[in-house]
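The values are calculated or read from the model by the stated rules, or taken from the named source; none is laboratory data. Not measured: the values here are computed from a predicted model. In this analysis, Cβ positions are derived from the backbone assuming ideal geometry, glycine residues included, and neighbour counts consider all displayed protein chains.
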Amino acid sequence: MNAKVALITGSTSGIGLAIAKDFAKDGYITCLNSFEPEQDVAEVIKEVAKESSKEIAYFSADLAIAQNGARLVEAVIAKFGHIDVLVNNAGVQKVSSIEKLSLSDWERVRTITLDASFQTMQAAIPDMVSRNWGRIINIASAHGLVASPYKSAYVAAKHALIGLTKTGALEVAQNGITINAICPGYVLTPLVEKQLKDQMKAHNMSEEEVIEIVMLANQPTKKFIQPQEIASMALYLCSDMARSITGASIVIDGGWTAK
């Protein structure tokens, strides 16, 4: 009855899955989300359930559809009575020059990355305020702080997500709620692996050249970030010792933005 409830969007693979596993291990009722039907991610749900004695729930919601972000949070509250932690991790990428980027691709990146995060926050904050406690973590990106060519929609959406994070944090600073953004560099996830082919085409390079010259060129460590590093930071931000960290953009980027 006293277990905290955590919702992680886009949590059936990559960073989101790593975060879900950490919250499950830490005793949270963990709510997974993706656009797929539940039967298609049954093995992932079982994988997370192995990490916890608490309930693991799955909520299918395509965040590219308007208002589904709000409906997702409402469904979690309806099932468990409240929501304590919201991690906005869902996102998509489109590699294209500005002149060749379609409006539909621009809108899809913006809707999933930014609009859905606004909707989930808007739906979750009243419940958190009513109990004077809450944690919201937006998974932004180093691209929320700096830009790269061929990523106009993603860079614009992530910059805006950091602005949303700061504004939200100021609004609820006296209500026991913190709102922060984590800004990873290149993390080796299925999303990044998919980008490899797009980057190879855009730059006319081999896979090895894209990794060395494009992806990791700006990370002084020359290593991909591991999803577990992001998960550990998310869990820390939900601890009592992180209660004074709010409105922050925490970079985990191998030194990329230190340049």
*Positions within segment 68-86 being over 10 Å from the mean Cα position of the chain (by Cα) and either modelled with pLDDT under 95 or aliphatic (A, V, I, L, M) (or both), in sequence order*: Ala70, Leu72, Val73, Ala75, Val76, Ile77, Ala78, Ile83, Val85
_Being under 30 Å from Ala202 (Cα atoms), in a helix (DSSP H, G or I) and not hydrophobic (A, V, I, L, M, F, W, C): is that true of Thr113 here?_
yes
*Those residues of segment 16-48 which are within 16 Å of Lys4 (Cα to Cα) and of a type in the set (A, V, I, L, M), in sequence order*: Ile19, Ala20, Ala24, Ile29, Leu32
*Considering each residue of segment 130-144, count those that are assigned to a helix (DSSP H, G or I) and either in contact with a Lys or Arg (Cβ under 7 Å, 6 or more places away or on another chain) or under 16 Å from Thr167 (Cα atoms) (or both), and give that number.*
2
*Quick check: is even one residue across segment 87-99 modelled with pLDDT of 95 or more, buried (at least 17 other Cβ atoms within 10 Å of the Cβ), part of a helix (DSSP H, G or I) and in contact with a strand residue (DSSP E or B) (Cβ under 7 Å, 6 or more places away or on another chain)?*
no
_Residues to consider are Val251, Val172, Val210; find the one that is within 30 Å of Glu107 (Cα to Cα), hydrophobic (A, V, I, L, M, F, W, C) and in contact with a His (Cβ under 9 Å, 6 or more places away or on another chain)._
Val210
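The rows are residues; the columns are (1) of a type in the set (A, V, I, L, M); (2) surrounded by 15 or more Cβ atoms within 10 Å (Cβ to Cβ).
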residue: Thr165; (1), (2): no, yes
residue: Pro184; (1), (2): no, yes
residue: Glu193; (1), (2): no, no
residue: Val210; (1), (2): yes, yes
residue: Ala217; (1), (2): yes, no
*What is the one condition in (1) part of a loop (DSSP other than H, G, I, E, B); (2) at negative phi; (3) modelled with pLDDT of 95 or more that Ser52 does not satisfy?*
(3)
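Which one of Leu17, Leu103 is in contact with a helix residue (DSSP H, G or I) (Cβ under 9 Å, 6 or more places away or on another chain), on the phi < 0 side of the Ramachandran plot and either free of Cβ contacts under 8 Å to residues at least 40 places away in the same chain or surrounded by 16 or more Cβ atoms within 10 Å (Cβ to Cβ) (or both)?
Numbers: Leu103 fails: in contact with a helix residue (DSSP H, G or I) (Cβ under 9 Å, 6 or more places away or on another chain).
Within the list Leu17, Leu103, the selection yields Leu17.
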_Pairs, first closer than 11 Å to Lys54 by Cβ in segment 1-13, second outside any loop (DSSP other than H, G, I, E, B) and among the polar types (S, T, N, Q), C-beta under 9 Å, six or more apart_ = Val5/Thr30; Ala6/Thr30
*asked:* Give all pairs with beta carbons closer than 6 Å in which a residue from segment 183-199 that is under 14 Å from Ile225 (Cβ atoms) meets a residue that is of a type in the set (D, E, K, R) and not in a helix (DSSP H, G or I); count only pairs at least 6 apart in sequence or on separate chains.
replied: Gly185/Asp253
*Looking only at segment 173-188, decide whether some residue is modelled with pLDDT of 95 or more and either of a type in the set (Asp, Glu) or in a helix (DSSP H, G or I) (or both).*
no
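Tell me the residue from Glu51, Glu36, Glu55 that is free of Cβ contacts under 8 Å to residues at least 60 places away in the same chain, over 18 Å from Gly14 (Cβ atoms) and not hydrophobic (A, V, I, L, M, F, W, C), please. Walk me through it before giving the result.
Details: Glu51 fails: over 18 Å from Gly14 (Cβ atoms); Glu36 fails: over 18 Å from Gly14 (Cβ atoms).
Within the list Glu51, Glu36, Glu55, the selection yields Glu55.
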*asked:* Condition first: part of a helix (DSSP H, G or I), without any contact (Cβ under 8 Å) to a residue 60 or more places away in the chain and more than 21 Å from Ala258 (Cα to Cα). Now tell me which residues in segment 202-240 satisfy that.
replied: His203, Glu207, Glu208, Glu209, Val210, Tyr236, Asp240
